[in-house]
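Engineer: Take a look at this one; I'll ask things after.
The values are calculated or read from the model by the stated rules, or taken from the named source; none is laboratory data. Note that the coordinates shown come from a computational prediction; the quantities given were computed from them, not determined experimentally. Reconstructed Cβ throughout: ideal geometry from the backbone, glycine too, with neighbour counts over all protein chains shown. When the accessible area is computed, the model is the full protein with side chains, heavy atoms only, and any ligands, DNA or RNA have been set aside. Shrake-Rupley method; radii C 1.70, N 1.55, O 1.52, S 1.80 Å.
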Amino acid sequence: MFYPDYTADSAYSIDYEAMYDQGVRGIIYDIDNTLVPHGAPADERAIALFDRLKKIGYKCCLISNNQEERVAMFNKDVQVQYIYKAGKPAPKSFIRAMAIMGTDRQSTVCIGDQIFTDMWGAKMAKIPSILVKPINPKEEIQIVLKRRLEKIVLHFYEKSREKG
């Protein structure tokens, strides 16, 4: 339930052209520690990524548990759809994001850095997921505690990949 479908070092190292060729048309992104450090605005790398994704033909939607002010501040320079106060891992925001983008479960992927919000929510919404490594190790205490539990889940995830 918590295992990602795929892993990547970074949201910036994913082969988006290959994903598009495989039929993916919509990408749901977490923001903090997936695209930028926690609380940071969109930087040049994020802006360039979203420009590239739009040129490829993707629809994108940011989903965040943060307040609208935070999400709108990041989105100001990338200009995609977004959902704030998403209530992740509840699947409703993932499903709403697909409706906003006009995609479905087969043509959408979720990219995030947290197992217990991004990956679990994507699994419950039946959307393929890509777990990326967090950008910045400095995090709020509640996330630090979740990361400890994530290490246990990732240990078993790696063991299952070795077997299969």
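Engineer: So in region 78-97, with the set limited to residues that are open to solvent by less than 10 Å² (accessible area, probe 1.4 Å) and in contact with a helix residue (DSSP H, G or I) (Cβ under 7 Å, 6 or more places away or on another chain), which one is farthest from D15 (Cα to Cα)?
Structural biologist: Looking at the filtered set, the residue picked out is A86.
Engineer: Then there's this: Are there strands (runs of 3 or more DSSP E) fully within region 57-144 with at least 2 residues that are modelled with pLDDT of 95 or more and among the β-branched types (V, I, T)? List them.
Structural biologist: 108-112, 129-132
Engineer: Next up: Determine if region 68-77 includes at least one residue that is open to solvent by less than 40 Å² (accessible area, probe 1.4 Å), charged (D, E, K, R) and in contact (Cβ under 8 Å) with a residue 40 or more places away in the chain.
Structural biologist: No: zero hits.
Engineer: Moving on. Looking only at residues in region 24-67 that are of a type in the set (G, A, S) and in contact with a helix residue (DSSP H, G or I) (Cβ under 6 Å, 6 or more places away or on another chain), which one is surrounded by the fewest Cβ atoms within 10 Å (Cβ to Cβ)?
Structural biologist: A42
Engineer: For region 99-123, enumerate the residues that are open to solvent by 10 Å² or more (accessible area, probe 1.4 Å) and among the aliphatic types (A, V, I, L, M).
Structural biologist: The answer is A99, I100, M101.
Engineer: May I pose another question? One residue is enough: does region 68-82 have a residue meeting the conditions in contact with a Phe, Trp or Tyr (Cβ under 6 Å, 6 or more places away or on another chain) and among the polar types (S, T, N, Q)?
Structural biologist: yes
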